[in-house]
Amino acid sequence: MIVCDHYISPPYCDRTLLLLLRTFLDIIALRKGPEHVPDSWLLFALSVAMMAFASFAAAVLIEALAEQNYWLTFATNLFGLMFYSAVLFVFGFSRRIVPALTCVIGCGAILTILFVAEYVLFRPMLGAGVAGTIAAVIVLWSVPVEGHIISRAIQQHWLVGVAIAVAAFILQLGFQSAFSAPGPVDRS
């Protein structure tokens, strides 16, 4: 892994970032796993920055998402990451927490950017319903991707990882609905 600093020329830094993005795309395509991502807090921070950018782009470009409570969404995502960390710890792979979470966050950021791009570009041509359905499929693909990442991190069959990812998804939905404020009730 090449670290960017003042001793290394910028083209190496560019190649490192492109290699990381290509690795995330290979993980999304289920061809690679978290073992291909270095255990680096810098890469973890970079993936968090990517997710922050993707979330900001989603909020700005899609008006339906502008009404969401961002702190609740952040807490829900943090809850999911803590669940995955607990799974890795229970299976005895706590040393793989940083690379696995880096992959979950980085791949989630790329899928969010794809979701936003698809919805914004195809909504005018296909309508909100069709574009929304395609966008939902992109978002739902994150469950098998996260399952793939977790299964590789804990060295279990892919279906075990998908079951864990489905459990995380259900727990996150429950967490979010438990803390969501109910909408105003019209009693007229």
Does any residue in region 132-160 that is over 14 Å from residue 30 (Cβ atoms) come within less than 6 Å, Cβ to Cβ, of a residue that is buried (at least 16 other Cβ atoms within 10 Å of the Cβ) and of a type in the set (Ser, Thr, Tyr) six or more places away or on a different chain, and which pairs are these? 135/119; 160/151
Residue count, region 76-118 (criterion: free of Cβ contacts under 8 Å to residues at least 24 places away in the same chain and of a type in the set (S, T, N, Q)): 2
Counting only residues that are at pLDDT 85 or above and of a type in the set (Phe, Trp, Tyr), which one in region 45-86 is farthest from residue 148 (Cα to Cα)? 53
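Which residues, taken from region 112-126, are surrounded by fewer than 20 Cβ atoms within 10 Å (Cβ to Cβ) and within 21 Å of residue 144 (Cβ to Cβ)?
Across region 112-126, the qualifying residues are 113, 114, 117, 118.
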Selection count where residues are within 17 Å of residue 27 (Cα to Cα) and aromatic (Phe, Trp, Tyr), scope region 38-61: 1
Every pair of residues 6+ apart whose Cβ atoms lie under 7 Å, when the first sits in region 42-64 and is under 17 Å from residue 78 (Cα atoms) and touching a residue at least 24 places away in the same chain (Cβ under 8 Å) while the second is crowded, with 17+ Cβ neighbours inside 10 Å and small (Gly, Ala, Ser): 47/106; 47/109; 50/106; 50/109; 51/108; 51/109; 54/109
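The values are calculated or read from the model by the stated rules, or taken from the named source; none is laboratory data. Owing to the predicted nature of the structure, the values given are computational and were not obtained by experimental measurement. Glycine gets a Cβ as well: all are built from the backbone with ideal geometry, and neighbour counts include every protein chain shown.
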